[in-house]
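Following: one structure in structure tokens, then a few remarks.
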Amino acid sequence: VTLGISFSTYVSVLIMRSSEQRVLSQVMFVISTALAPFGIFVLLSEASVDFDWSVQLMIACGLTVIYGFALFLTRRNILVLITVGFATWAYYALIFKMFGINNFDFNYLKWASMLLGASYLLIAYGYQSAWQSASQSVDWEKRGVQNVLYGLGTLAILGAGITVGGAFDLVFIALIFATFYGSVYLRSRAMLTLGALFLTAHIIKLTSEYFIDSIGWPVALIAVGFVIIGVGYMTFYLNKRFISNK
């Protein structure tokens, strides 16, 4: 029943191509997307099929193609996120299938997540370039999809990068300032906010690892407090000067 509702909703939405039905069609696409994986899981369970990484890879690739076709046909903005989401599932399923889950080295997962984050940024930038080259007006839906991808991409890169440690700590500082530059260039408040948060977290991390024994906690907390105030002011200035007024 779950899979049948998902399929019928999907087919019905493909018929809704008029601009007046844009919002309704996107809501129904979300319903179809939410029900599809659960319906497939129930179907495979009833058929006694093991839901392993190989099966998940095939399902995720199939759903990516199905909803990618709907994106090509209807040009609904929500389908960009849906298609990217299923492609991400296929990506991680492929990684776990290749390396195995037993004795898995999570360093692979860190670098894979950073690569995925870079892909999100490229997709968001390409999505922006596509509507600009087509001389389409930028509505709140397009801008929202773009900001979600920029935010997820930045979160994946910085979230995985901050856990690497070692000599990469210096590279991570460069990544953070590249995030600030990118937030201004792309006018992305999500990138700016995440860059500020991860800069603050990285300063606290470096202070606790390298300076606590030499200067002590009280002095370290005072110094970190002033640095956080500076980061907050810099974030506020960049947002007001380069993002909010654009």
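The values are calculated or read from the model by the stated rules, or taken from the named source; none is laboratory data. Here the structure is a predicted model, which means the values were calculated and not measured. Cβ: placed from backbone, ideal geometry, glycine included. Neighbour counts: every protein chain shown. We work out accessible area using only protein heavy atoms, side chains counted, and drop any ligands, DNA or RNA first. Shrake-Rupley method; radii C 1.70, N 1.55, O 1.52, S 1.80 Å.
Lysine pair count for the chain with Cα-Cα distance under 25 Å and sequence separation of 8 or more or different chains is 4. In terms of accessible area, using a 1.4 Å probe and ignoring ligands and nucleic acids, 108, 67, 233 rank largest first as 233, 108, 67.
Could you calculate the contour length gain from residue 234 to residue 23, that is, 0.36 nm times the residue separation minus the distance between their Cα atoms, to one decimal place in nm?
On the way: separation 211, 0.36 × 211 = 75.96 nm, distance 3.79 nm.
Net length gain for the segment: 72.2 nm.
Could the peptides 193-201, 222-230 be put in order, highest first, of the mean number of other beta-carbon atoms found within 10 Å of their residues?
Numbers: 193-201: 19.7, 222-230: 12.6.
Per-residue Cβ counts within 10 Å, averaged per peptide and sorted highest first, yield 193-201, 222-230.
Can you tell me the accessible area per residue over the chain, all protein chains present, probe 1.4 angstrom, in square angstrom? Show your work: numbers first, answer last.
Numbers: 13850 Å² over 246 residues.
Each residue of the chain exposes 56 Å² on average to a 1.4 Å probe.
By how many nm would the segment from residue 129 to residue 5 grow when fully extended, if each residue of separation counts as 0.36 nm and the alpha-carbon distance is taken off?
Numbers: separation 124, 0.36 × 124 = 44.64 nm, distance 3.55 nm.
Contour length minus Cα-Cα distance gives 41.1 nm.
Scaling the Cα radius of gyration of the chain by the globular reference 2.2 N^0.38 Å produces a ratio of 1.22.
Of the candidates 127, 210, 91, which one comes out as most mobile in a Gaussian network treatment of the chain with C-alpha springs shorter than 10 Å? Highest fluctuation of the listed residues: 210.
For the residues 71, 81, 170, a GNM of the chain with alpha-carbon springs under 10 Å puts the largest fluctuation on 170. Distance between the pseudo-spin-label points of residue 173 and residue 122 (7 Å out from Cα toward the beta carbon): 2.9 nm. Spin-label model, residue 148 to residue 30: label points 7 Å out along the Cα-to-beta-carbon direction sit 0.8 nm apart.
Got a number for carbon plus sulfur as a percent of the chain's accessible area, 1.4 Å probe?
Details: 9840 of 13850 Å².
The nonpolar share, carbon plus sulfur, comes to 71 percent.
Determine one quarter of the surface area of the Cα convex hull of region 1-48, which equals its mean projected area, and express it in nm² to one decimal. It would help to have the intermediate numbers written out before the result.
On the way: hull surface 11.9 nm².
Result: a mean projected hull area of 3.0 nm².
The modelled label-to-label distance for the pair residue 58/residue 106, using points 7 Å beyond Cα in the direction of Cβ, is 3.1 nm.
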